[in-house]
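Before I ask anything, let me first share the structure, which is written out below as structure tokens.
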Amino acid sequence: MEQRSSLADPDLRSMTMDQLVEAFEKQPPAQKERWCEDNMAYYRRLAQDDNVSEKEKLELTTLVGGLYMLFALKKPSQSASADATKETARRFEIDEGIKDEELHHSFDYMQFEREIHNLFQWHDSDEVRDKYLAPYFAMVQSSGMGKTKLMFEYTIRKKPKNISARLLLCTMGNGGSGVHKNLTLPKSTEATVENRQALIQQLENIVENEQCNQLVLLVDEAQHLVQNEGFLFRCFRNWLRLDRKDRKKIVAIFAGTTSRLTNFYVERPTTAFSRNAPSEYYENKGKQLYSPFFHFSTIGAGKNDDPRPADNTDFRRSIKYGRPLFHVLQKYDKLDTNALDAIQKRLLLTHHPENNKVSWLSVLSVRVQMGRVSLDIASSLISLGYANLTHFHAFPPTLSTETNNHATIVQQCHFPDPVLARSAMQLMNKNREEWSKHAMDLFSSGICSPEKGDTGEVFAALFMLFCGDELREKQEGLEQFSVPLKGWLDKMGASLVSGNEDSTDNKFVSFIQVCRNYVRLDPGQIAAKENFLKELYESGSAMYAYSGATASDLLVPIKLDPSGQQSSPTGAPSGQQSTTRKGKKKQKLIGQDSSGPEVLGVAGNLNAPTQQPTVSYEGMLISVKNRIKFTITQMVECLGSMVKQLELAGVKKGTCLLLLLGMDDETLEKMETHLRRHNTRSGGSGDSAALISCYVVIVSKDAHYGIGNAIQCTTSPGGERAEMYASHFSLSQLAERGQEAELLRKSLRTKGDDEDLDYTKELATALQKKPGEDMESS
């Protein structure tokens, strides 16, 4: 076999993902595929070297994943049919979903329109020009949130008579759509005069045909402009800054999934080919950019749409509570197996997620919200996956430098989306314990940090989700989310502390993801709002309480259906009718007072017409305690606080759950012994004590799915050695000889050599000696 030379580049290690894309684009078309293959092989070998640290392995495996993404997503199509399929998908998304669907509200549109009209001030005011670089802003948000729809609405809605708008689609000439005008980009994005002139000529042709003196260019898929150090983007932006003799005022909006559209601050490209003669420009000094537009309040916008007859499963009924694209695909019967597979691939970010921690982060964040991440990782999750940009602030470049020196703050989260949550659930069902380890690795490596500073809340959510997943995994297609409340509690090993044992009959939970909710209402107050609980249940979601909330940390919606159907009455039931433990079918809502509606007709009137069972919703408050030590008194206080929270909100029936994690063996044994001996079960007297049931769940270190071990093994990014060094000032007093292991995580102790333990012993011994004593012995 002929030996070929390697194209591996050792300098890739210092590159960001954006720079990696640029390096890829610079390769000749004929060797792009080989360049990716050689670099993947080179860096994969480096990652397997025993001398490489864990941090370096993380960087290398992430780099390999990025290279594979380039290889898989950017290599030329293998056939014309592949391009045709891609263009057919685009035409559907734009022509059907964009033209025919109405906006569910005008809030986003009014804000968008106001920001556009503010751009025209750049042409009218020297003061504005001396502040801002050019009259444009970027529209940045993850896929499927409605960017194209909003721009299309601007082109068709009534505007001032002197303003016109054109919706452009950046394309390489391989198709278009029914609502865009194509902006054909050169097949090569190299910085040449020819490429600049080809782009500018198309833009000038658009301007010549416009009668209005104010023109808005809405550029879709604009991420294609920022390839090759953003050469074409800079050409476009400089063209916007021209001082036109015809006095036409042109502004632009660049829409895409990458935040790079907002990151070009100064005009110092490697070539001057992006600029015309200086005299043609406004002589402005502005360097700031207009803030990007990213507010798309479209999650659940279709929730009031009437269900179709075909939407007869929990999954199909839940889709309207997620992002609008998926809802529209469903309405047009396009959310088929192929579409769902494509969504899952995008969620994974790469075709080889096995060793890619950013891919793990994408999947886990959909279900449990993994917390804060760095700017680069947030950009990847937004541009390549389904994370949502919730805050963006770029500080202007310093005036003392001509380099692109500025800081950017980005916040992201994953909104409720049952399509993505179901996809992540399918991935996790293959090996739940492995995903527990992934979460532990992500927190320990510092890639992410929990929202409230404690991983316990996230691991508790993951444990509860896994218990529900195991109950529903045997059904074909994972179309039904609802599982019996009793079965779910039993799977978690819940112990009933007080309340009615039969209160779980005909009750169900359905959540497959846990999302953030920053509304400053305690879960008890939210539990009093049954309409919201209904929507939360149907969307397959539960929610974390805001940071600083008292008594409880999570809220889970519960459905009470006297018919015993796991699926709602409009759909096919996914299980048999529930019965009491004595085998008798329930005839009345558990704990309902005499003034409430009867389920099977009016009491005492045998001839009354039979009424349909009334479905109702209630809340479960959950308190999570991640502690080594925990007392019986504290347990009683926690449960009492949740019951009081419900009572203060006027809630007469519900469930409280205390979930304990991270306890040592001694505390665990005491707690379990108490629960076995003092498990009280009220027969149901009709008072609040019988209507609000309290449970305790203890997640031991040997619990299912590896959750208990994962939470005890999670460390700071530097591992236990870094933690002990950060605490070395206390070791002289706290470390007793022979007891040093007590200061560390016991579950991390190895059978053989333990470098972290040896380090702690040696450091503690040295610190306990008198001044000079250690030096004399050495």
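Out of segment 257-294, which residues are exposed (fewer than 14 other Cβ atoms within 10 Å of the Cβ) and either modelled with pLDDT of 85 or more or part of a loop (DSSP other than H, G, I, E, B) (or both)?
Those that are exposed (fewer than 14 other Cβ atoms within 10 Å of the Cβ) and either modelled with pLDDT of 85 or more or part of a loop (DSSP other than H, G, I, E, B) (or both): Arg268, Thr270, Ala272, Ala277, Glu283, Lys285, Ser291.
Of everything in segment 747-758 that's modelled with pLDDT under 60 and either more than 14 Å from Arg721 (Cβ to Cβ) or not hydrophobic (A, V, I, L, M, F, W, C) (or both), which residue is least open to solvent (accessible area, probe 1.4 Å)?
Among those residues, the one meeting the criterion is Ser747.
So, one more: Does Leu521 meet the test of being of a type outside the set (S, T, N, Q), under 28 Å from Pro307 (Cα atoms) and either at pLDDT 90 or above or part of a loop (DSSP other than H, G, I, E, B) (or both)?
no
For residues that are open to solvent by 10 Å² or more (accessible area, probe 1.4 Å) and either closer than 21 Å to Lys303 by Cβ or not charged (D, E, K, R) (or both), tally how many sit in segment 544-559.
6
Let me ask something else. Go through segment 701-716 and count every residue that is open to solvent by 10 Å² or more (accessible area, probe 1.4 Å) and out of contact with any strand residue (DSSP E or B) (no Cβ under 9 Å at 6 or more places or on another chain).
10
Within segment 324-334, can one find any residue that is at negative phi, acidic (Asp, Glu) and modelled with pLDDT under 95?
Checked segment 324-334: no residue is at negative phi, acidic (Asp, Glu) and modelled with pLDDT under 95.
Regarding segment 458-481, can at least one residue be identified that is more than 28 Å from Trp435 (Cβ to Cβ) and among the charged types (D, E, K, R)?
no
Which of the residues belonging to segment 165-206 are open to solvent by less than 20 Å² (accessible area, probe 1.4 Å), more than 18 Å from Val226 (Cβ to Cβ) and either more than 37 Å from the chain's Cα centre (by Cα) or at pLDDT 90 or above (or both)?
Ala165, Leu167, Ile206
Taking Ala494 as the residue in question, decide whether it is aliphatic (A, V, I, L, M) and under 25 Å from the mean Cα position of the chain (by Cα).
no
So Leu347 passes all but one of these: (1) open to solvent by 10 Å² or more (accessible area, probe 1.4 Å); (2) modelled with pLDDT of 90 or more. Which condition number does it fail?
Answer for Leu347: the failing condition is (1).
Can Phe481 be described as in contact with an Asp or Glu (Cβ under 9 Å, 6 or more places away or on another chain) and not polar (S, T, N, Q)?
Yes: the conditions hold for Phe481.
Filter segment 118-164 for residues that are touching a Gly at 6+ places or on another chain (Cβ under 6 Å) and assigned to a loop (DSSP other than H, G, I, E, B); which is most open to solvent (accessible area, probe 1.4 Å)?
Lys131
Separate question: Please specify each residue of segment 470-494 satisfying the condition of being in a strand (DSSP E or B) and open to solvent by less than 30 Å² (accessible area, probe 1.4 Å).
Of everything in segment 470-494, just one residue is in a strand (DSSP E or B) and open to solvent by less than 30 Å² (accessible area, probe 1.4 Å), namely Val483.
Among Lys507, Lys486, Lys491, which is among the charged types (D, E, K, R) and under 14 Å from Cys694 (Cα atoms)?
From the options Lys507, Lys486, Lys491, the qualifying one is Lys486.
With the requirement that a residue be in a helix (DSSP H, G or I), aromatic (Phe, Trp, Tyr) and more than 29 Å from the chain's Cα centre (by Cα), what does segment 692-732 give you?
Result: Tyr725, Phe729.
Which numbered condition trips up Cys467, out of (1) among the hydrophobic types (A, V, I, L, M, F, W, C); (2) outside any helix (DSSP H, G or I); (3) modelled with pLDDT of 95 or more?
Looking at each condition in turn, Cys467 falls short on (2).
Consider Leu536 against the criteria (1) assigned to a helix (DSSP H, G or I); (2) surrounded by fewer than 19 Cβ atoms within 10 Å (Cβ to Cβ): it satisfies all of them except one. Which criterion is unmet?
Every listed condition holds for Leu536 apart from (2).
Specify which of the listed residues (Leu648, Leu668, Leu691, Leu659) is at pLDDT 85 or above, of a type in the set (A, V, I, L, M) and surrounded by 22 or more Cβ atoms within 10 Å (Cβ to Cβ).
Leu659
The values are calculated or read from the model by the stated rules, or taken from the named source; none is laboratory data. Every value quoted in this text rests on a predicted model; they were computed, and no experiment measured them. Because the Cβ atoms are built from the backbone with ideal geometry, glycine has one as well, and the counts that use them run over all protein chains shown. Calculation scope for accessible area: heavy atoms of the full protein, side chains included, ligands and nucleic acids excluded. Shrake-Rupley method; radii C 1.70, N 1.55, O 1.52, S 1.80 Å.
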